[in-house]
Amino acid sequence: MSDNSKIEWTDATWNPVTGCNKVSPGCKHCYALTFAERWRGIPGHHFEQGFDLRLWPERLKLPMGWKTPRRIFVNSMSDLFHERVPLEFIKLVFETMISCPQHQFQVLTKRPEQVLKVCASLAWPENVWMGVSVENEKYAVRSTLLQQVPAKVRFLSVEPLLGPIPSLPLDGIHWVIVGGESGPGARPMLRVWVEDIRRQCRRSAVPFFFKQWGGVRKSETGRTLNGRTFDEMPLVKDARVELRLPFQPQVVEGTARGLPSRKNGHRSRTRRSARIASAI
(Lines give C-alpha, C1' and ligand atoms only; values in the text may rest on other atoms or scores of the structure.)
Protein backbone atom coordinates (compact mmCIF):
# COMPACT_ATOMS: atom_id res chain seq x y z
CA MET A 1 0.00 0.00 0.00
CA SER A 2 1.38 3.37 -0.92
CA ASP A 3 0.23 6.92 -0.32
CA ASN A 4 1.23 9.69 -2.74
CA SER A 5 1.17 7.37 -5.76
CA LYS A 6 3.09 8.34 -8.88
CA ILE A 7 0.22 7.07 -11.05
CA GLU A 8 -1.22 10.22 -12.60
CA TRP A 9 -4.91 9.43 -12.18
CA THR A 10 -4.90 8.29 -8.55
CA ASP A 11 -3.60 9.36 -5.14
CA ALA A 12 -2.83 6.08 -3.40
CA THR A 13 -2.70 2.34 -3.96
CA TRP A 14 -4.11 -0.46 -1.81
CA ASN A 15 -3.27 -4.12 -2.44
CA PRO A 16 -5.28 -6.62 -0.39
CA VAL A 17 -4.40 -9.05 -3.20
CA THR A 18 -1.07 -9.37 -5.03
CA GLY A 19 -0.05 -11.53 -7.96
CA CYS A 20 -1.75 -12.34 -11.24
CA ASN A 21 -1.20 -14.05 -14.61
CA LYS A 22 -1.22 -12.78 -18.18
CA VAL A 23 -4.52 -12.88 -20.07
CA SER A 24 -4.11 -10.60 -23.11
CA PRO A 25 -1.50 -8.66 -25.14
CA GLY A 26 -1.54 -5.69 -22.76
CA CYS A 27 0.03 -7.94 -20.12
CA LYS A 28 3.17 -8.68 -22.15
CA HIS A 29 5.39 -6.20 -20.30
CA CYS A 30 3.50 -6.15 -17.00
CA TYR A 31 5.22 -3.71 -14.63
CA ALA A 32 3.78 -5.45 -11.56
CA LEU A 33 5.14 -8.86 -12.56
CA THR A 34 8.57 -7.44 -13.32
CA PHE A 35 8.72 -5.69 -9.96
CA ALA A 36 7.42 -8.64 -7.91
CA GLU A 37 9.64 -11.28 -9.46
CA ARG A 38 12.69 -9.20 -8.59
CA TRP A 39 12.14 -10.18 -4.96
CA ARG A 40 11.17 -13.85 -5.34
CA GLY A 41 12.82 -16.05 -2.76
CA ILE A 42 13.97 -13.25 -0.46
CA PRO A 43 12.78 -14.28 3.03
CA GLY A 44 10.49 -11.77 4.71
CA HIS A 45 9.98 -9.59 1.65
CA HIS A 46 6.41 -8.69 0.69
CA PHE A 47 7.03 -10.39 -2.66
CA GLU A 48 8.94 -13.39 -1.35
CA GLN A 49 6.43 -15.44 -3.37
CA GLY A 50 7.10 -13.38 -6.52
CA PHE A 51 3.98 -12.68 -8.55
CA ASP A 52 2.11 -15.77 -7.38
CA LEU A 53 -1.42 -14.89 -6.27
CA ARG A 54 -1.66 -14.09 -2.57
CA LEU A 55 -4.46 -12.76 -0.37
CA TRP A 56 -3.54 -10.30 2.39
CA PRO A 57 -6.34 -10.28 5.03
CA GLU A 58 -4.18 -8.11 7.30
CA ARG A 59 -4.40 -5.29 4.74
CA LEU A 60 -8.18 -5.21 4.49
CA LYS A 61 -8.67 -2.36 6.96
CA LEU A 62 -5.76 -0.17 5.88
CA PRO A 63 -7.82 2.51 4.03
CA MET A 64 -9.68 3.21 7.25
CA GLY A 65 -6.52 4.85 8.55
CA TRP A 66 -6.72 7.54 5.86
CA LYS A 67 -9.25 10.12 7.02
CA THR A 68 -8.59 12.74 4.34
CA PRO A 69 -10.33 11.90 1.02
CA ARG A 70 -8.24 10.15 -1.61
CA ARG A 71 -8.64 8.36 -4.88
CA ILE A 72 -7.40 4.85 -4.16
CA PHE A 73 -6.37 2.42 -6.90
CA VAL A 74 -7.39 -1.03 -5.67
CA ASN A 75 -4.92 -3.82 -6.44
CA SER A 76 -2.35 -2.03 -8.57
CA MET A 77 -0.32 -5.24 -8.16
CA SER A 78 -3.09 -7.71 -8.99
CA ASP A 79 -6.68 -8.09 -10.21
CA LEU A 80 -9.41 -8.21 -7.57
CA PHE A 81 -11.53 -10.29 -9.95
CA HIS A 82 -8.89 -12.90 -10.68
CA GLU A 83 -10.50 -16.33 -11.02
CA ARG A 84 -8.75 -17.58 -7.86
CA VAL A 85 -9.85 -14.75 -5.56
CA PRO A 86 -12.78 -16.13 -3.53
CA LEU A 87 -16.05 -14.24 -3.61
CA GLU A 88 -16.02 -14.03 0.19
CA PHE A 89 -12.71 -12.17 0.08
CA ILE A 90 -13.99 -9.80 -2.61
CA LYS A 91 -16.96 -9.08 -0.32
CA LEU A 92 -14.57 -8.16 2.50
CA VAL A 93 -12.79 -5.71 0.19
CA PHE A 94 -16.15 -4.17 -0.71
CA GLU A 95 -17.08 -3.92 2.98
CA THR A 96 -13.99 -1.80 3.57
CA MET A 97 -14.80 0.43 0.60
CA ILE A 98 -18.36 0.87 1.86
CA SER A 99 -17.05 1.82 5.30
CA CYS A 100 -14.84 4.59 3.81
CA PRO A 101 -17.25 6.92 1.97
CA GLN A 102 -14.67 9.73 2.11
CA HIS A 103 -12.56 7.91 -0.49
CA GLN A 104 -13.12 7.05 -4.16
CA PHE A 105 -11.96 3.49 -4.89
CA GLN A 106 -10.79 2.76 -8.44
CA VAL A 107 -11.02 -0.95 -9.25
CA LEU A 108 -9.50 -2.05 -12.57
CA THR A 109 -9.75 -5.49 -14.15
CA LYS A 110 -9.02 -7.37 -17.35
CA ARG A 111 -11.66 -9.93 -16.35
CA PRO A 112 -15.09 -8.28 -16.76
CA GLU A 113 -16.67 -11.68 -17.32
CA GLN A 114 -15.69 -12.55 -13.74
CA VAL A 115 -17.18 -9.28 -12.50
CA LEU A 116 -20.48 -10.16 -14.16
CA LYS A 117 -20.51 -13.56 -12.47
CA VAL A 118 -20.38 -12.05 -8.99
CA CYS A 119 -21.66 -8.47 -9.30
CA ALA A 120 -25.18 -9.36 -8.15
CA SER A 121 -23.68 -10.65 -4.90
CA LEU A 122 -21.92 -7.35 -4.17
CA ALA A 123 -23.17 -4.03 -2.83
CA TRP A 124 -22.05 -1.20 -5.15
CA PRO A 125 -21.70 2.07 -3.22
CA GLU A 126 -21.27 5.31 -5.13
CA ASN A 127 -17.59 5.60 -4.16
CA VAL A 128 -16.56 2.44 -6.03
CA TRP A 129 -15.45 3.10 -9.60
CA MET A 130 -15.25 -0.01 -11.78
CA GLY A 131 -12.97 -0.09 -14.81
CA VAL A 132 -11.64 -2.45 -17.46
CA SER A 133 -8.44 -2.41 -19.50
CA VAL A 134 -8.81 -2.16 -23.27
CA GLU A 135 -5.56 -2.37 -25.25
CA ASN A 136 -6.81 -2.79 -28.82
CA GLU A 137 -9.95 -3.23 -30.90
CA LYS A 138 -10.27 -6.95 -30.12
CA TYR A 139 -10.61 -6.26 -26.40
CA ALA A 140 -13.07 -3.37 -26.76
CA VAL A 141 -15.71 -5.98 -25.93
CA ARG A 142 -14.62 -5.56 -22.31
CA SER A 143 -16.28 -2.15 -22.37
CA THR A 144 -19.54 -3.73 -23.50
CA LEU A 145 -19.38 -6.18 -20.60
CA LEU A 146 -18.56 -3.40 -18.15
CA GLN A 147 -21.71 -1.55 -19.18
CA GLN A 148 -23.70 -4.31 -17.46
CA VAL A 149 -22.01 -3.77 -14.07
CA PRO A 150 -24.08 -1.64 -11.63
CA ALA A 151 -21.20 0.63 -10.60
CA LYS A 152 -21.95 4.35 -10.27
CA VAL A 153 -18.78 5.16 -12.23
CA ARG A 154 -17.57 2.90 -15.05
CA PHE A 155 -14.27 3.67 -16.73
CA LEU A 156 -11.85 2.41 -19.36
CA SER A 157 -8.09 2.24 -19.06
CA VAL A 158 -6.92 2.23 -22.66
CA GLU A 159 -3.33 1.52 -21.69
CA PRO A 160 -1.14 0.34 -23.18
CA LEU A 161 -2.88 1.41 -26.38
CA LEU A 162 -1.53 -1.06 -28.93
CA GLY A 163 -3.61 -0.27 -32.00
CA PRO A 164 -6.49 1.79 -33.36
CA ILE A 165 -9.91 1.41 -31.77
CA PRO A 166 -12.24 3.07 -34.29
CA SER A 167 -15.45 2.18 -32.43
CA LEU A 168 -14.83 2.25 -28.69
CA PRO A 169 -18.11 1.35 -26.91
CA LEU A 170 -18.82 4.40 -24.73
CA ASP A 171 -22.49 4.02 -23.84
CA GLY A 172 -22.70 3.94 -20.06
CA ILE A 173 -19.00 4.78 -19.69
CA HIS A 174 -18.10 7.76 -17.51
CA TRP A 175 -14.34 8.14 -17.97
CA VAL A 176 -11.57 7.10 -20.37
CA ILE A 177 -7.83 6.98 -19.62
CA VAL A 178 -5.39 6.62 -22.53
CA GLY A 179 -1.68 5.92 -22.30
CA GLY A 180 1.25 4.36 -24.11
CA GLU A 181 3.36 1.48 -22.88
CA SER A 182 6.53 2.37 -20.99
CA GLY A 183 9.74 0.65 -19.97
CA PRO A 184 12.08 -1.79 -21.73
CA GLY A 185 10.56 -3.21 -24.91
CA ALA A 186 7.72 -0.67 -24.94
CA ARG A 187 5.55 -0.98 -28.04
CA PRO A 188 4.83 2.27 -29.89
CA MET A 189 1.56 4.19 -29.71
CA LEU A 190 0.59 6.35 -32.68
CA ARG A 191 -0.76 9.86 -32.22
CA VAL A 192 -3.60 9.21 -34.65
CA TRP A 193 -4.90 6.42 -32.38
CA VAL A 194 -4.96 8.75 -29.37
CA GLU A 195 -6.59 11.63 -31.22
CA ASP A 196 -9.30 9.36 -32.58
CA ILE A 197 -10.23 8.15 -29.09
CA ARG A 198 -10.25 11.73 -27.83
CA ARG A 199 -12.69 12.66 -30.61
CA GLN A 200 -14.92 9.71 -29.71
CA CYS A 201 -14.93 10.81 -26.07
CA ARG A 202 -15.80 14.36 -27.06
CA ARG A 203 -18.72 13.23 -29.20
CA SER A 204 -20.03 11.13 -26.30
CA ALA A 205 -19.29 13.76 -23.60
CA VAL A 206 -17.02 11.33 -21.77
CA PRO A 207 -14.12 12.81 -19.75
CA PHE A 208 -10.75 12.03 -21.35
CA PHE A 209 -7.54 11.61 -19.34
CA PHE A 210 -4.26 11.35 -21.27
CA LYS A 211 -1.77 9.62 -19.00
CA GLN A 212 1.45 9.39 -21.03
CA TRP A 213 3.10 8.76 -24.39
CA GLY A 214 5.26 6.10 -22.78
CA GLY A 215 8.32 4.65 -24.42
CA VAL A 216 11.55 3.33 -22.93
CA ARG A 217 12.08 6.68 -21.17
CA LYS A 218 8.59 7.99 -20.52
CA SER A 219 9.89 11.06 -18.69
CA GLU A 220 11.29 12.28 -22.00
CA THR A 221 8.09 11.79 -24.00
CA GLY A 222 5.80 13.44 -21.44
CA ARG A 223 2.02 13.53 -21.34
CA THR A 224 0.92 16.53 -23.38
CA LEU A 225 -1.30 16.08 -26.42
CA ASN A 226 -1.47 18.89 -28.98
CA GLY A 227 0.24 21.25 -26.56
CA ARG A 228 -1.89 20.63 -23.46
CA THR A 229 -2.63 18.10 -20.79
CA PHE A 230 -5.94 16.28 -20.54
CA ASP A 231 -6.76 15.53 -16.89
CA GLU A 232 -10.53 15.32 -17.14
CA MET A 233 -12.33 13.19 -14.56
CA PRO A 234 -15.90 12.31 -13.63
CA LEU A 235 -17.43 13.94 -10.58
CA VAL A 236 -19.61 11.93 -8.24
CA LYS A 237 -22.43 13.74 -6.50
CA ASP A 238 -25.55 12.42 -4.81
CA ALA A 239 -25.15 8.94 -6.30
CA ARG A 240 -25.11 10.24 -9.87
CA VAL A 241 -22.31 11.04 -12.26
CA GLU A 242 -21.66 14.57 -13.45
CA LEU A 243 -19.72 14.49 -16.69
CA ARG A 244 -17.14 17.17 -17.34
CA LEU A 245 -17.12 17.91 -21.04
CA PRO A 246 -13.76 17.04 -22.63
CA PHE A 247 -13.65 20.27 -24.62
CA GLN A 248 -13.82 22.59 -21.61
CA PRO A 249 -10.61 24.58 -20.99
CA GLN A 250 -7.55 22.66 -19.86
CA VAL A 251 -8.52 20.44 -16.94
CA VAL A 252 -11.38 19.36 -14.75
CA GLU A 253 -12.49 22.04 -12.35
CA GLY A 254 -13.86 21.37 -8.91
CA THR A 255 -13.59 18.28 -6.78
CA ALA A 256 -15.06 14.82 -6.51
CA ARG A 257 -16.61 14.55 -3.05
CA GLY A 258 -13.97 16.83 -1.60
CA LEU A 259 -11.02 15.40 -3.51
CA PRO A 260 -8.34 17.86 -4.68
CA SER A 261 -8.61 19.10 -8.25
CA ARG A 262 -5.81 18.48 -10.73
CA LYS A 263 -4.30 21.40 -12.60
CA ASN A 264 -1.74 21.22 -15.39
CA GLY A 265 -0.90 17.63 -14.56
CA HIS A 266 -0.15 18.33 -10.88
CA ARG A 267 -2.19 17.39 -7.81
CA SER A 268 -2.73 19.44 -4.72
CA ARG A 269 -0.69 17.98 -1.90
CA THR A 270 -1.66 20.36 0.88
CA ARG A 271 -3.58 17.60 2.59
CA ARG A 272 -0.50 15.51 3.22
CA SER A 273 0.35 15.60 6.90
CA ALA A 274 1.60 12.07 7.15
CA ARG A 275 2.37 9.10 4.94
CA ILE A 276 0.73 5.86 5.87
CA ALA A 277 2.57 3.26 3.87
CA SER A 278 3.37 -0.39 3.95
CA ALA A 279 4.05 -2.79 1.10
CA ILE A 280 3.15 -1.84 -2.44
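Could you list, in sequence order, the residues of segment 8-29 that are of a type in the set (A, V, I, L, M) and either surrounded by fewer than 16 Cβ atoms within 10 Å (Cβ to Cβ) or over 19 Å from the mean Cα position of the chain (by Cα) (or both)? It would help to see each step written out before you state the result.
Taking segment 8-29 and keeping what is of a type in the set (A, V, I, L, M), we get 12, 17, 23.
Scanning segment 8-29 gives a single hit, 23.
Anything in segment 30-76 that is farther than 21 Å from residue 106 by Cα, aliphatic (A, V, I, L, M) and surrounded by fewer than 18 Cβ atoms within 10 Å (Cβ to Cβ)? List them, or say none. Before you say what the answer is, go through the steps one by one.
Step one: list which residues in segment 30-76 are farther than 21 Å from residue 106 by Cα, which gives 34-52.
Subsequent filtering for residues that are aliphatic (A, V, I, L, M) retains 36, 42.
Answer for segment 30-76, where residues must be farther than 21 Å from residue 106 by Cα, aliphatic (A, V, I, L, M) and surrounded by fewer than 18 Cβ atoms within 10 Å (Cβ to Cβ): just 42.
The single condition from (1) buried (at least 20 other Cβ atoms within 10 Å of the Cβ); (2) modelled with pLDDT of 95 or more that residue 89 fails is (1). Does residue 204 count as more than 20 Å from the chain's Cα centre (by Cα), modelled with pLDDT of 50 or more, polar (S, T, N, Q) and farther than 22 Å from residue 76 by Cβ? Considered against the rule, which asks whether it is more than 20 Å from the chain's Cα centre (by Cα), modelled with pLDDT of 50 or more, polar (S, T, N, Q) and farther than 22 Å from residue 76 by Cβ, residue 204 comes out as yes. Among the residues of segment 94-148, the ones that are of a type in the set (Asp, Glu) and either within 18 Å of residue 10 (Cβ to Cβ) or within 14 Å of the chain's Cα centre (by Cα) (or both) come to 2 in all.
For residue 10, the test of being farther than 25 Å from residue 154 by Cβ and outside any helix (DSSP H, G or I) is failed. Considering only residues in segment 35-90 that are assigned to a helix (DSSP H, G or I) and in contact (Cβ under 8 Å) with a residue 40 or more places away in the chain, the one that is nearest to residue 19 (Cα to Cα) turns out to be 36. When the residues of segment 152-172 are filtered to those that are more than 17 Å from residue 190 (Cα to Cα) and in contact (Cβ under 8 Å) with a residue 40 or more places away in the chain, which remaining residue is nearest to the chain's Cα centre (by Cα)? Here the residue is 155.
The values are calculated or read from the model by the stated rules, or taken from the named source; none is laboratory data. As the structure is a prediction and not an experimental result, all values here were calculated from the model. So basically every Cβ, Gly included, is an ideal-geometry build from the backbone, and we count neighbours across all protein chains shown.
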